[in-house]
1. Any idea which of 303, 233, 262 is buried (at least 20 other Cβ atoms within 10 Å of the Cβ) and acidic (Asp, Glu)?
2. Given the residues 19, 42, which is the only one that is farther than 19 Å from residue 70 by Cβ and either over 20 Å from the mean Cα position of the chain (by Cα) or open to solvent by less than 70 Å² (accessible area, probe 1.4 Å) (or both)?
3. Of (1) outside any helix (DSSP H, G or I); (2) touching a residue at least 40 places away in the same chain (Cβ under 8 Å); (3) out of contact with any His (no Cβ under 8 Å at 6 or more places or on another chain), residue 85 satisfies all except one. Which?
4. Name every residue in the stretch 277-290 that is outside any loop (DSSP other than H, G, I, E, B) and closer than 14 Å to residue 17 by Cβ, in order of residue number.
5. Using the structure shown, decide if residue 135 is of a type in the set (Ser, Thr, Tyr), within 18 Å of residue 66 (Cα to Cα) and either buried (at least 21 other Cβ atoms within 10 Å of the Cβ) or free of Cβ contacts under 8 Å to residues at least 24 places away in the same chain (or both).
6. Give the residue, chosen from 104, 74, that is open to solvent by 30 Å² or more (accessible area, probe 1.4 Å), of a type in the set (Phe, Trp, Tyr) and within 26 Å of residue 45 (Cβ to Cβ).
7. What number of residues in the stretch 171-200 are in a loop (DSSP other than H, G, I, E, B) and open to solvent by 30 Å² or more (accessible area, probe 1.4 Å)?
8. Would you please name the residue that is surrounded by the most Cβ atoms within 10 Å (Cβ to Cβ), looking only at residues in the stretch 22-34 that are in contact (Cβ under 8 Å) with a residue 24 or more places away in the chain and either under 23 Å from the mean Cα position of the chain (by Cα) or outside any helix (DSSP H, G or I) (or both)?
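The values are calculated or read from the model by the stated rules, or taken from the named source; none is laboratory data. Computed from a prediction, not measured in an experiment: that's the story for all the values here. Using ideal geometry, Cβ is built from the backbone for each residue, glycine included, and neighbour counts are taken over all protein chains shown. Side chains included, ligands, DNA and RNA excluded: accessible areas come from the protein's heavy atoms. Shrake-Rupley method; radii C 1.70, N 1.55, O 1.52, S 1.80 Å.
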Amino acid sequence: MPETVRGPVAELGVTLMHEHVFGLSPEILWNWPDIPEGWDLEARAGQAAAKLEALRAAGVDTIVDLTVVGLGRYVPAVQRVAERTGVNIVAATGLYTYDALPPYFANRGPGTLFGGPDRLSEFFVRDLTEGIGGTGVKAAILKCASDHLGMTAGCARVFRAVAEAHLETGAPISTHSHSPSRGGLEQQRLLASLGVDLGRVVIGHAGDSTDLAYLEELIAGGSYLGMDRFGIDTISPFEDRVATVAALCARGHAGRLVLGHDSYCFNDRFDEDVVRRRHPNYHLLHISRDVLPELRGRGVTEDQIHQMLVDNPRRIFG
């Protein structure tokens with residue numbers, strides 16, 4: 001059974017495959033606690049739970065929280081949210097960087113200043129099999145990233161560690177990819193060379209692209225596509241995102257698509273008022289309220305929507 005923050009569940013149900021509960025900057029919060037964004041765990045947990053309860057009322061059962069080290073993962077806070085909502089929250093492990101590793105890892109491991117073993121995979125496996133940071137919450141998915149810089153040495157090291165943890169535990173993998181440079185293909189090549197089953201991989205942010213040839217090449221490689229930034233219209237507008245999903249469904253690919261917003265209940269990295277003005281649809285209800293009706297209007301069937309929201313997530317975690 002898939003693991004969630006509250007423990008294993010028999011069914012995930014309707015699932016958004018790429019979201020975040022909290023994105024935090026611990027060193028900022030520790031040293032300047034009076035910043036306007038502020039951090040009151042109970043208050044923020046209550047606000048997050050209210051957003052998730054509104055999502056549940058809209059028919060969503062589960063979110064996959066892809067917040068990992070590098071994005072301010074703090075599972076005790078997510079536990080407080082999970083206690084207050086009926087939405088399942090799936091936790092992730094991994095490390096988020098576009099280039100260099102945090103000094104803790106950059107100074108340890110083969111080829112580094114001080115050498116020694118690479119503990120990344122060990123930490124990821126511990127999160128998956130024992131729990132995260134003494135919370136007892138087990139991660140259920142691995143996360144790795146590369147972006148406009150390509151597969152840097154630091155990114156490749158994370159991908160290798162994620163592949164090792166995947167092979168040891170069977171956990172699926174979700175990536176952050178850079179669609180303008182067709183970066184998902186580079187990710188697929190590296191993961192495949194490391195022995196990863198690409199059928200257990202979601203190439204995240206594939207929905208930023210309107211290049212159907214690129215997207216179909218990723219599908220031919222065996223991976224799922226994360227159509228997962230609905231609401232971030234400055235990267236790709238609503239019209240392009242829904243048109244791309246509808247076109248892929250018309251070509252018979254609904255069985256390889258998953259949906260999401262890449263949204264946060266609270267993220268101290270961005271000014272909330274500015275985000276609200278620039279991205280008015282960047283919230284957890286956008287898919288339910290706006291995207292699904294538009295897809296239906298473009299001929300996407302209920303069976304295809306069920307595949308994207310229910311069947312595909314179940315298979316990924318199965």
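1. 262
2. Numbers: 19 fails: farther than 19 Å from residue 70 by Cβ.
Checking each option against the conditions leaves just 42.
3. Here residue 85 meets the rest and fails (2).
4. Step one: list which residues in the stretch 277-290 are outside any loop (DSSP other than H, G, I, E, B), which gives 277-278, 286-290.
Scanning the stretch 277-290 gives a single hit, 287.
5. No; evaluated as a whole, the condition is false for this residue.
6. Exactly one residue qualifies, and that residue is 74.
7. Looking only at that region, the number is 5.
8. Filtering the stretch 22-34 for residues in contact (Cβ under 8 Å) with a residue 24 or more places away in the chain gives 22-26, 28-29.
Okay, now just the ones that are also either under 23 Å from the mean Cα position of the chain (by Cα) or outside any helix (DSSP H, G or I) (or both), so 22-26.
Numbers: 22: 24, 23: 17, 24: 22, 25: 17, 26: 12.
The qualifying residue surrounded by the most Cβ atoms within 10 Å (Cβ to Cβ) is 22.
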